[in-house]
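The structure appears right after this line, and notes come after that.
FYI, it's all coordinate maths here, none of it is from the lab. Fair warning: this is a prediction, and the values are worked out from it, not measured in the lab. Using ideal geometry, Cβ is built from the backbone for each residue, glycine included, and neighbour counts are taken over all protein chains shown.
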Ligand SMILES: [Zn+2]
């Protein structure tokens, strides 16, 4: 992983997200979320560019921060 990056998504040989282990919260979680969006884009053929990924990261991150009940969403589906 290049030094200027905090995380990355690799599709081959198996899909994998890597986050810099030195990152602390909330940067570690936001990096994981950012890389998860790259993974979804690549695995589902969305072809999102970096700007679109960052927009989704900020918009969805704000939605989760502003609505704590959304954090339980994954446990309910
Ligand atoms: Zn990115």
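Details
- Out of 56, 22, 36, 32, sole residue that is touching a strand residue (DSSP E or B) at 6+ places or on another chain (Cβ under 6 Å) and either in a loop (DSSP other than H, G, I, E, B) or in contact (Cβ under 8 Å) with a residue 12 or more places away in the chain (or both): 32
- Among the residues of the stretch 8-19, those identified as touching a residue at least 24 places away in the same chain (Cβ under 8 Å) and part of a loop (DSSP other than H, G, I, E, B) are 11, 15.
- So residue 63, is it surrounded by 10 or more Cβ atoms within 10 Å (Cβ to Cβ), within 13 Å of the ligand (Cβ to nearest atom) and not in a strand (DSSP E or B): no
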